[in-house]
Amino acid sequence: MKLFDSHCHLTDPPLAQDLDGVLQRAANSGVKNFIVPGYDLFSSRSACRLASANSSIFAAIGLHPAWLTPTSDFSPEPFRQLARLRAPVAIGEIGLDYALKEYSAAKQAEVLRVQLELSTILSLPVIIHCRRAFEPLYLVLREFSEVVGVLHAYGGGPQLAEKFLSLGYYIGFGGGLTRPQAHKVKKTALMVPAERILLETDAPYIGSHTVAKGDSEPRDVLAVAHSLTDLRGWDIAETAALTTANTLRLFNLKERM
Ligand SMILES: [Zn+2]
């Protein structure tokens, strides 16, 4: 069985300090491949370094709305150079986060658009972070009809998911799906077409039913896969095969593996 953690922060503590252990425990749970997104230039460079040192790890580069600098303009140039040099598999994580009150909606949308333009130029998919901004996000993504990607750790509910699916987007499910009371996420996981589902942990930042936030690791994809398996009435091998194939397709990884 081969599971894919489509979103984990192996560049960050405590995972970075015990990378060999983290990868070994992941392998023991069937989790064999990883996408590590950046959230600013520094972490994007780290993700690329990690990916060039380890063939099971793939990097994404981008500026997350939480790492915007309110006083200075965003320039995509260093990211473009990094992309030329290191061939990341996606632009991300990027997006809109209206829970962050210190950055205006207009500024966030502007920086998102610049990065969607970059993904168009580089022909790369995007990894989208979104909190409390799904309607405005939909309107921005709709402007870039040639761009596809994933809404990672999706929490927007089934009706909104329908809209993003219609744009060709994939939906990423993580530890939230393992929580018995997570009715909205479960409802969404039931309606998303099988060929559009990705699995992830966002480790170490999102926990699960049994693992506290901060302690999560890519191995916990297995628990997410089991939750999805129970929900959809699949078997675990089918879940692994489907979601891994989806990840390879979205990020054009077949020729890289
Ligand atoms: Zn993340």
Ordered by fewest other Cβ atoms within 10 Å, a rough proxy for footprinting exposure, Met1, Met257 read Met257, Met1
Given a Förster distance of 35 Å, the FRET efficiency implied by the Cβ-Cβ spacing of Ala87 and Glu195, rounded to the nearest 0.05, works out to 0.85
Using the Kirkwood radius built from alpha carbon pairs, what does the Stokes-Einstein equation give as D for the chain at 20 °C and 1.002 mPa s, in µm² per second? 119 µm²/s
How long is the gain from Ala99 to Leu253 if the chain were fully straight, where each residue apart is worth 0.36 nm and the alpha carbon distance is subtracted? 52.1 nm
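Based on the Cβ-Cβ distance from Asp20 to Ser123, what FRET efficiency comes out when R0 is 22 Å, to the nearest 0.05?
My answer for the efficiency is 0.05.
Once you sort the root eigenvalues of the Cα gyration tensor of segment 206-257 as a ≥ b ≥ c, which label holds: rounded (a/c under 1.5), prolate (a/b larger than b/c) or oblate (the other case)?
oblate
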Please go through the residue pairs Lys32/Lys101; Lys2/Lys101; Lys2/Lys163 and name each one whose alpha carbons sit more than 32 Å apart in this structure. Lys32/Lys101; Lys2/Lys101
Would you work out if segment 1-129 is rounded, prolate or oblate? Take a ≥ b ≥ c from the square roots of the eigenvalues of the alpha-carbon gyration tensor; rounded if a/c is under 1.5, else prolate when a/b is larger than b/c, oblate otherwise. prolate
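No lab work stands behind these numbers, since they all come straight from the coordinates. Owing to the predicted nature of the structure, the values given are computational and were not obtained by experimental measurement. Because the Cβ atoms are built from the backbone with ideal geometry, glycine has one as well, and the counts that use them run over all protein chains shown.
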